[in-house]
Amino acid sequence: MRRPDLSAPMTVAELVQYGPLPGVRILGMTGRDAQVLDVRIVDRREALDNLRPHTAVVLTEAPARSGWIVEMALRKAWEQAAACVVVPETAAAVHPPGALADRLGVPLLLIGGDALEGAVRIASAVSRPDAGRTALLADAAQRLAAAGPHVERVLAALHAALPSTSLALTDPVGGMLAGRRAALDSAHPVRLDVPGPDGHPLAILLADSRSKEAGWASTVESVLRMAVPPLTAWAATRRLAEEQLDRRSELLLHRLTHPSEDEDEQAGAHVRAEAAALGWPLAGPLIAFALRPAVAAEAGPAPGPALRALWARYGFGGPLIAYEDCWVSWRSAAAGSAAPDPEVWLRQGEAQLRTAVRAICDQLPLAGGVAGPAGGTGTLGVALADARAAAAVAAVPGSVVRADRLGPAQLLSALPVEALRRPAEVVLAPLLAADRDGTLLRTLAIVLDQGAAPSAAAEILGVHRNTVAARLERIRALGFDPEDPAQRLALHLACRVLLAES
C-alpha cells in the first residue's frame with residue numbers, strides 16, 4: 001500500500017479538495033499543483049509589491065471589488081512566484097479574470113464567506129498539512145461508517161469526501177455495477193480489488209481524480225481502502241444471493257424438464273408459474289444453448305460470476321443456468337410471430353451464439369453448443385441435453401457446434417483424452433515439430449471443423465483467406481491433406497485431442 005506523505009506541503013488543489021475553504025471555486029487550469037507555504041492578507045494595493053514565493057495571496061473585500069486590483073494581484077503573484085490568489089466570490093462576482101489566471105498559471109480561488117476567515121483556514125491548513133490530511137481521512141471514515149454495507153451509500157460517502165473524484169464499482173470483468181461512468185474512461189485510474197474469502201476479486205473499485213498533482217493518488221487510495229470492507233460485505237451478500245438463485249434455478253429447471261411420474265397437474269402448474277415469474281421462455285418452439293467454460297476449477301475462481309456478467313453484456317437474453325457440467329440457456333420465437341423455419345432458426349441461433357462466444361472468449365475461454373427446436377417445456381430437457389453434448393465435443397475455445405451436425409470425428413473426440421493423447425502425438429508428430437506456436441494445429445482443426453472450407457475457417461480464425469491457404473500449403477508439405485478421406489478422420493480426432501489437452 002502506498003501511504004500519502006501527510007507532512008508534505010499542501011498544494012493549491014488540495015486546499016480545494018480537502019475542504020478547508022467554504023464554497024470554494026477555482027479558476028485557471030494550470031498551477032494547481034503549486035505548493036502553499038505561507039499566507040499574505042492584502043487589504044491595500046501596496047501590499048502586493050512584496051510577496052514571498054509559494055504564498056497564498058488573500059484579498060480582502062475592499063480591494064477585491066476592484067477588477068483591476070484582482071488582475072494586478074494575479075500579475076504580481078506571477079512575477080513573484082506566489083502560489084495563488086484568493087478573493088471573496090461576492091466581491092469578484094462581476095467578470096472574474098479566469099482567463100488571465102489560466103494564462104499566467106496562477107490559480108484564482110473564489111471563496112464564500114469572509115476573506116479573513118478564509119485566510120485563517122488556509123494558514124491552519126498550511127501550517128499543519130498532516131492535520132488537514134488526517135482530517136480528510138477521519139471525515140471519510142465517519143461517512144463510510146454511517147453508510148454501512150450498501151454500495152450506493154458507500155459511493156455517495158466517497159464522492160462527498162473526495163468531491164473532485166469520479167468513482168465506479170465494476171464486476172471482475174469490467175461491467176458497471178454502480179457509480180459514475182467517467183471513472184471507467186480514465187487513462188490512469190486508482191484501482192482497488194474488493195476481495196472475496198478466497199482472495200479473488202468480487203468487484204473492482206475505480207477512481208479518477210481531476211487533480212493530477214503528485215501525491216494525490218496515494219491519498220485517494222488511502223480513502224478508498226477504508227471503503228473496501230463495507231463493499232466486500234455488500235459484494236459477498238450479493239454473491240450469496242446469486243448462488244442461492246443459481247441453486248434454486250437449477251432445481252427448478254430439473255423439475256420443469258423432468259417432471260416426476262406422480263406429479264399432479266396443480267404441482268406442474270406451480271412449477272411453470274415459478275419459471276414464468278423468473279422470466280423464463282416457456283412457449284415453443286424453443287432453441288437450446290449450452291456453454292462449457294474451458295477453465296479448470298482448481299485453476300482459479302469458479303467461472304459462474306464472470307460468465308453471468310459476460311453473458312449479460314454479450315449474450316442475447318434468456319436465462320443462464322448452471323446445469324450439470326455446463327451453463328445452459330434457451331429462447332423462444334417472438335410472441336405472436338409465425339413459427340420460424342427450424343433450419344433457418346437454428347442457423348441464426350448458431351451465428352448469434354458464435355458471436356457471443358467469441359466476445360466472451362477474450363476474457364473467459366469457452367465453447368458452445370446449439371440444439372432444437374423443442375416444441376415446448378416437455379421436450380426442452382432433450383434439447384438442452386443435445387446442446388450440452390454438442391458443447392462437450394466443441395474442443396476448441398471459441399467454437400460452436402450444432403447438435404444435428406455432429407460428425408464421427410466430433411463424436412470420437414469425446415473419448416477420454418488421456419487414452420488418445422499419445423496416439424494423437426504420433427499421428428501429428430511432423431506437424432508438431434514444425435509448429436512452434438500452435439498456429440498450424442489450430443488452423444488444421446478449424447479447417448477440418450468447417451469441412452475443409454478455407455473461407456469459413458478464415459472467418460473463425462479472424463485472418464484473411466490467403467493466410468489460411470498459405471498455412472494449408474505448409475501443412476500439406478508436412479504430409480497432411482485435410483481433403484484426403486483416408487487421413488481426414490484421424491487428423492480431425494488428433495487435432496481435437498491435442499487442443500483439448502492444451
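The values are calculated or read from the model by the stated rules, or taken from the named source; none is laboratory data. Model, not experiment: these values are computed from the prediction. Note: ideal-geometry Cβ built from the backbone for every residue, glycine included; neighbour counts use all protein chains shown. Surface accessibility is based on the protein's heavy atoms, side chains included, excluding ligands, DNA and RNA. Shrake-Rupley method; radii C 1.70, N 1.55, O 1.52, S 1.80 Å.
Placing unit charges on the Cβ atoms only, positive for Lys and Arg and negative for Asp and Glu, gives the range 38-102 a dipole magnitude near 100 debye about its Cα centre.
Towards the positive end of the charge dipole of the chain, with charges on Cβ (+1 Lys, Arg; -1 Asp, Glu), say which of Ala241, Ala394, Pro63 has the farthest Cα. The listed residue farthest towards the positive side: Pro63. Each Lys and Arg Cβ is given +1 and each Asp and Glu Cβ -1; about its Cα centre, the chain then shows a dipole of about 1160 debye. Counted residue by residue at 0.36 nm each, then reduced by the alpha carbon distance between them, the extension gain from Asp341 to Leu184 reaches 52.2 nm. Here the spin labels are modelled as points 7 Å beyond Cα on the Cα-Cβ line, and at Asp484 and Ala99 they lie 8.0 nm apart. Between Arg225 and Ala283, the modelled label-to-label distance comes to 5.8 nm, taking each label 7 Å out from Cα in the direction of the beta carbon.
Net charge dipole, the range 442-488: roughly 160 debye, given to the nearest 20, about the Cα centre with Cβ charges of +1 for Lys and Arg and -1 for Asp and Glu. When each of the peptides 194-203, 180-189 is scored by the mean number of other C-beta atoms lying within 10 Å of its residues, the order from highest to lowest reads 194-203, 180-189. Between Arg248 and Asn466, the contour length at 0.36 nm per residue exceeds the alpha carbon distance by 73.5 nm.
Kirkwood hydrodynamic radius computed over the chain comes to 27.9 Å, based on all pairs of distinct alpha carbons.
On the accessible surface of the chain, probed at 1.4 Å, how many percent belong to carbon and sulfur atoms? Taking all protein chains in place, the chain shows 54 percent carbon and sulfur surface. Per residue, the chain exposes an accessible area of 47 Å² to a 1.4 Å probe, with every protein chain left in place.
Dividing the summed -39500 (n - 2.57) terms of all DSSP H runs of n ≥ 4 by the residue count of the chain sets its mean residue ellipticity at 222 nm at -15500 deg cm²/dmol.
Note the full-extension length gain between Asn50 and His200 as 0.36 nm times their separation in residues minus their Cα-Cα distance, in nm to one decimal. My answer for the length gained is 48.2 nm.
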